[in-house]
Amino acid sequence: MRPFALNYARPVREPEVSASYTYDSALQLNLLPDGAVAARDYAVLRACAATTSTAGSKTHFDD
């Protein structure tokens, strides 16, 4: 028996994203093309919808 919802479910199309930064494994940071740290560029953070998690701080006092 097939669940009713699967008859109407559609696959989600992944949006095409082009990041304006690259990952530097030696520094373990995302860098902009000019070598600046991407985390300090608020325009990049807004465009990439970067967020931080608060799950640990809500469950552990030592985070």
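Residue check: CYS48 meets all listed conditions (1) surrounded by 10 or more Cβ atoms within 10 Å (Cβ to Cβ); (2) at pLDDT 75 or above; (3) not polar (S, T, N, Q) but one, namely (2).
Among the residues that make up the stretch 1-12, is at least one of them part of a loop (DSSP other than H, G, I, E, B), of a type in the set (D, E, K, R) and modelled with pLDDT of 85 or more?
Of all residues in the stretch 1-12, those part of a loop (DSSP other than H, G, I, E, B) come to 1-3, 8-12.
With the extra rule that they be of a type in the set (D, E, K, R), the set shrinks to 2, 10.
Within this subset, residues satisfying the condition of being modelled with pLDDT of 85 or more are none.
There is no residue in the stretch 1-12 that is part of a loop (DSSP other than H, G, I, E, B), of a type in the set (D, E, K, R) and modelled with pLDDT of 85 or more.
Considering only the stretch 13-45, how many residues are among the β-branched types (Val, Ile, Thr) and at pLDDT below 70? So that I can check it myself, show each step before the final result.
Filtering the stretch 13-45 for residues among the β-branched types (Val, Ile, Thr) gives 17, 22, 37, 44.
Now restrict to residues that are at pLDDT below 70: 17.
Total meeting the criteria: 1.
The values are calculated or read from the model by the stated rules, or taken from the named source; none is laboratory data. What you see is a predicted model; the values in this text were computed from it and never measured. Here Cβ is always computed from backbone atoms with ideal geometry, including for glycine, and neighbour counts include all displayed protein chains.
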